[in-house]
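S.K.: First the structure, then my questions, so here it is.
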């Protein structure tokens, strides 16, 4: 009886341990397959051509600069939307809102986070784009701006939830100390609470930006899909194409093992590395601030 | 002095008003979107719409194959991601020592959560569809979605496990239980509502995703239901993408109807998770 | 009277530098209450947790020395700790009832051992509840959640839960610290009854309690065993100045 039990325990413990390591295995596997299918590009397309301004795979132009600039443009736009609104909402929820408003706002923001991106893209096409076209008097409503607005909406829930957590975990004593010194609540927010929650807020912003860079369906549906190199701010009002949208739109039609196929994997590899950089930095910031908090509090 | 104080109070009032407006601007569109989709799509919903096949180049008929496909993908994703994710959470919460390897696992989980969904699609294409030769199938798509879902399940389940009081574990061990007996008889049952919430939130994300299944299992149009895990399948989110971008002269009503069904499917799962969470909180005795 | 436990040169250090034990040697007699007392952080809890190897769960840096239970060194890595913990039961400072019924709490230890026979379980429940003087209060509602009991009842349930496994040694770590005087009296009365069949080690929550229940007493200060002797003499005529200061309330 006893020996059977410990034999069982041994197997289960092993299985649990193996599962624990699975996350590392998957990240490694993902990176390996991206490298395996993406690296051949470097042998097939001269570097100068790869980092050129023309993406037209049918005639073997594989310049990824327009796609990089498209992603950059839309992400910057999304950040400009998500940071003020996300942060504003987070501060409102954490510091100002009465309890009932908090109870309504938090689930609503979560709801936005839960909406499938394809639904947002769909509404972007039918509701947002036509209005923007008329309002701004543009030839088409499917522009980088449209994508930025929607992507901003997609990034907002991430920014709000992480930043709100960070603000919420600032010890109440900090605030009370500032009030006791005669600061208004508004001054306290800006000079005490926000600085104290700085690393958490920054993490939230980074993770939100990370989501915006990686978002696929919405941008593919509303940015007009024109791989044109963005040269100025005017590009916001014309169609662009992001790296993610390019992969999603073209991978279905390429022959496995072709130059085009390898190049799309190469773009995926670039995306993977960007998200890796964003997430490692963001998590390093969280770890560091936790350590600091532990030192201060113990 | 008096004047200064007044100024500060005015600043505060102005600032608070600004933040209130920003929060309202953030939230209002969400409410508008949901009501708009309900009002536009509500008329399309009928038994024929839910139980019929698309006809006339998808411009008429129902969405049954897409609905069934999304259901199949969600179940398929659960089969792989739930045992693996919960076991990984148990490892992190109950067994993992505080060392470099554990930190590496945590960083890997954070990274999995951040990898763009379309990159998951590429990975699924490379590993499951081509390398393992599962083809464009429910199996390949479910496996791809599982890995994407994993970090959500692991982190929420770990949190739920850690919330179970340490004293239960100490007492159980002192009564001669092994570590696994303690986990199975006390820790897991007590953390179950939290774990379920995490599972549903993860699956909710999987059900609404399009990019990871684009090249791993989604079919543009299928006039029948899939009958094996090795078949490709239609899926609600991909179907919505198709009928809103690829099919000219698509009736709005069917588009909005499809969007509504997708939203109800996804938010319904969200609602269930919320209910489980609040009920468990009310019942909990520690 | 025989010596149930012999502790020889036991030294213990935690990884975080917290409370530790320095070169403790102590013999614990069978069928008696041995009290380990002294100010907080003196090493009482650590010592108790060595006796059923519950310290395995903590971050221990070093352990040396021996603890002989019936002549066997339980610090030996080969020791079957599961069997050890069934033989050495423990009651904690705060009553921790498991999230089961009263009955489920009492049978938990037996069930993880593999006991499935209903009759044996029923027997153990009634016997252990009677031993902990709780039977009359709860016999009508064994299937109620244990959390519904009062604090004093919960702690006696914890005692009964340890007794259900028919241990030979019972460790009690400030078992009455959260209880009112009446409940405390009930627990102490049970202990007097139980010592006829068990070896009891108790870390009391006050010097008064130590003096009330001790057959033997050991005074711990900052990880050191300052003085050990019969309860009657130690509290009235301590040999060491530090013991006297503590017992008479000059510090601690």
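Matching residues to (1) surrounded by 20 or more Cβ atoms within 10 Å (Cβ to Cβ); (2) closer than 20 Å to residue C:43 by Cα:
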| residue | (1), (2) |
| --- | --- |
| C:177 | no, yes |
| C:183 | no, no |
| C:204 | yes, yes |
| C:214 | yes, yes |
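S.K.: Scan the stretch A:202-231 for residues that are under 17 Å from residue A:129 (Cβ atoms) and crowded, with 24+ Cβ neighbours inside 10 Å and report the count. Spell out how you get there, then give the answer.
M.R.: Of the residues in the stretch A:202-231, the ones under 17 Å from residue A:129 (Cβ atoms) are A:215, A:217-226.
Still in the running and crowded, with 24+ Cβ neighbours inside 10 Å: A:215, A:217-223.
The number of residues fulfilling the criteria is 8.
S.K.: Identify, from the list C:193, C:140, the residue that is within 25 Å of residue C:119 (Cα to Cα), out of contact with any helix residue (DSSP H, G or I) (no Cβ under 6 Å at 6 or more places or on another chain) and surrounded by fewer than 21 Cβ atoms within 10 Å (Cβ to Cβ).
M.R.: Only one candidate passes the filter, namely C:140.
S.K.: While we're looking at this one, here's another question. Determine which single condition residue C:106 fails, assuming it passes every other condition in (1) modelled with pLDDT of 95 or more; (2) surrounded by fewer than 21 Cβ atoms within 10 Å (Cβ to Cβ).
M.R.: Looking at each condition in turn, residue C:106 falls short on (2).
Results for (1) free of Cβ contacts under 8 Å to residues at least 24 places away in the same chain; (2) closer than 30 Å to residue A:263 by Cβ; (3) in contact with a helix residue (DSSP H, G or I) (Cβ under 7 Å, 6 or more places away or on another chain), shown as yes or no for each residue.
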position: A:58; (1), (2), (3): yes, yes, no
position: A:61; (1), (2), (3): yes, yes, no
position: A:64; (1), (2), (3): no, yes, yes
position: A:77; (1), (2), (3): no, yes, yes
position: A:81; (1), (2), (3): no, no, yes
position: A:89; (1), (2), (3): no, no, yes
position: A:94; (1), (2), (3): no, no, yes
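S.K.: Now for a different question. Does residue A:51 satisfy the condition of being loosely packed, with under 14 Cβ neighbours inside 10 Å, over 22 Å from residue A:216 (Cβ atoms) and within 12 Å of another protein chain (Cβ to nearest Cβ)?
M.R.: Here the answer is no, as residue A:51 does not meet what is asked.
S.K.: Looking at the stretch A:58-109, which of its residues are in a helix (DSSP H, G or I) and under 22 Å from residue A:251 (Cα atoms)?
M.R.: A:58, A:59, A:65, A:66, A:67, A:68, A:69, A:70, A:71, A:72, A:74
S.K.: Kindly provide the set of residues from the stretch C:1-18 that are crowded, with 19+ Cβ neighbours inside 10 Å and in contact with a helix residue (DSSP H, G or I) (Cβ under 9 Å, 6 or more places away or on another chain), ordered by number.
M.R.: C:5, C:7, C:10, C:12
S.K.: Something else now. Take the conditions crowded, with 19+ Cβ neighbours inside 10 Å, more than 8 Å from chain A (Cβ to nearest Cβ) and not in a helix (DSSP H, G or I) and apply them to residue B:191. Does it pass?
M.R.: No.
S.K.: Looking at the stretch B:61-74, is at least one residue more than 10 Å from every other protein chain (Cβ to nearest Cβ), over 25 Å from residue A:272 (Cα atoms), at pLDDT below 90 and in contact with a helix residue (DSSP H, G or I) (Cβ under 8 Å, 6 or more places away or on another chain)?
M.R.: For the stretch B:61-74, residues more than 10 Å from every other protein chain (Cβ to nearest Cβ), over 25 Å from residue A:272 (Cα atoms), at pLDDT below 90 and in contact with a helix residue (DSSP H, G or I) (Cβ under 8 Å, 6 or more places away or on another chain): present.
S.K.: Let me ask something else. Identify the residue in the stretch A:232-288 that is in contact with a strand residue (DSSP E or B) (Cβ under 8 Å, 6 or more places away or on another chain) and under 28 Å from residue A:139 (Cβ atoms) and, among all such residues, is surrounded by the fewest Cβ atoms within 10 Å (Cβ to Cβ).
M.R.: A:238
S.K.: Quick one: residue C:41 ticks every box in (1) assigned to a loop (DSSP other than H, G, I, E, B); (2) in contact with a strand residue (DSSP E or B) (Cβ under 7 Å, 6 or more places away or on another chain) bar one, so which box is it?
M.R.: Unmet for residue C:41, out of (1) assigned to a loop (DSSP other than H, G, I, E, B); (2) in contact with a strand residue (DSSP E or B) (Cβ under 7 Å, 6 or more places away or on another chain): (2).
S.K.: Oh, and also: Need pairs with beta-carbon distance below 7 Å; first residue at the interface with chain B (Cβ under 10 Å from one of its Cβ atoms) and within the stretch A:250-276, second surrounded by fewer than 16 Cβ atoms within 10 Å (Cβ to Cβ) and modelled with pLDDT of 95 or more; sequence gap 6+ or separate chains.
M.R.: From residues that are at the interface with chain B (Cβ under 10 Å from one of its Cβ atoms), the pairs are A:269/A:35.
S.K.: Right, here's the next one. So residue C:23 ticks every box in (1) more than 17 Å from residue B:169 (Cα to Cα); (2) at pLDDT below 90 but one. Which box is left unticked?
M.R.: (2)
S.K.: How many residues does the stretch A:35-53 hold that are closer than 17 Å to residue A:69 by Cα, part of a helix (DSSP H, G or I) and in contact with a strand residue (DSSP E or B) (Cβ under 8 Å, 6 or more places away or on another chain)?
M.R.: Here the count works out to 2.
S.K.: Any chance the stretch B:206-228 includes a residue that's more than 14 Å from chain A (Cβ to nearest Cβ), part of a helix (DSSP H, G or I) and over 21 Å from the mean Cα position of the chain (by Cα)?
M.R.: Start the filter on the stretch B:206-228 by keeping residues that are more than 14 Å from chain A (Cβ to nearest Cβ), which leaves B:222-228.
With part of a helix (DSSP H, G or I) added as a condition, the list becomes none.
Scanning the stretch B:206-228, I find no residue that is more than 14 Å from chain A (Cβ to nearest Cβ), part of a helix (DSSP H, G or I) and over 21 Å from the mean Cα position of the chain (by Cα), so the answer is no.
S.K.: Here is a follow-up. Restricting the search to the stretch C:121-132, which residues are without any contact (Cβ under 8 Å) to a residue 60 or more places away in the chain, within 20 Å of residue C:183 (Cβ to Cβ) and away from every other protein chain (no Cβ under 14 Å)?
M.R.: Keep residues of the stretch C:121-132 that are without any contact (Cβ under 8 Å) to a residue 60 or more places away in the chain, which gives C:121-130, C:132.
If we keep only those that are within 20 Å of residue C:183 (Cβ to Cβ) as well, we get C:128-130, C:132.
Selection gives C:129, C:130, C:132.
S.K.: With part of a strand (DSSP E or B) and either within 14 Å of chain B (Cβ to nearest Cβ) or farther than 25 Å from residue C:199 by Cα (or both) as the only criterion, which of C:116, C:61, C:66 stands out?
M.R.: Answer to the check: C:61.
S.K.: Whether any residue in the stretch A:239-252 is assigned to a loop (DSSP other than H, G, I, E, B) and either in contact with a helix residue (DSSP H, G or I) (Cβ under 7 Å, 6 or more places away or on another chain) or farther than 18 Å from residue A:121 by Cα (or both) is what I want to check.
M.R.: Taking every residue of the stretch A:239-252 in turn, at least one turns out to be assigned to a loop (DSSP other than H, G, I, E, B) and either in contact with a helix residue (DSSP H, G or I) (Cβ under 7 Å, 6 or more places away or on another chain) or farther than 18 Å from residue A:121 by Cα (or both).
S.K.: What about residue A:149, is it in contact (Cβ under 8 Å) with a residue 24 or more places away in the chain, in a loop (DSSP other than H, G, I, E, B) and either more than 9 Å from chain B (Cβ to nearest Cβ) or surrounded by fewer than 24 Cβ atoms within 10 Å (Cβ to Cβ) (or both)?
M.R.: When the stated conditions are applied, residue A:149 does not pass them.
S.K.: In the stretch B:80-98, is there at least one residue being surrounded by 17 or more Cβ atoms within 10 Å (Cβ to Cβ), away from chain A (no Cβ under 14 Å) and in contact with a helix residue (DSSP H, G or I) (Cβ under 8 Å, 6 or more places away or on another chain)?
M.R.: Within the stretch B:80-98, not a single residue is surrounded by 17 or more Cβ atoms within 10 Å (Cβ to Cβ), away from chain A (no Cβ under 14 Å) and in contact with a helix residue (DSSP H, G or I) (Cβ under 8 Å, 6 or more places away or on another chain).
S.K.: Filter the stretch B:130-166 down to the residues that are in contact (Cβ under 8 Å) with a residue 40 or more places away in the chain, over 20 Å from residue A:244 (Cα atoms) and within 9 Å of chain A (Cβ to nearest Cβ) and list them by number.
M.R.: Correct list: B:150, B:151, B:154.
S.K.: For the structure I just gave you, tell me whether residue B:183 is away from every other protein chain (no Cβ under 11 Å) and in contact (Cβ under 8 Å) with a residue 60 or more places away in the chain.
M.R.: Numbers: away from every other protein chain (no Cβ under 11 Å): no; in contact (Cβ under 8 Å) with a residue 60 or more places away in the chain: yes.
Against the criterion (away from every other protein chain (no Cβ under 11 Å) and in contact (Cβ under 8 Å) with a residue 60 or more places away in the chain), residue B:183 does not qualify.
The values are calculated or read from the model by the stated rules, or taken from the named source; none is laboratory data. Bear in mind that the values here come from a model prediction, so they are computed numbers and not experimental data. Every residue, glycine as well, gets a Cβ built from its backbone with ideal geometry; the counts of neighbours run over all protein chains shown.
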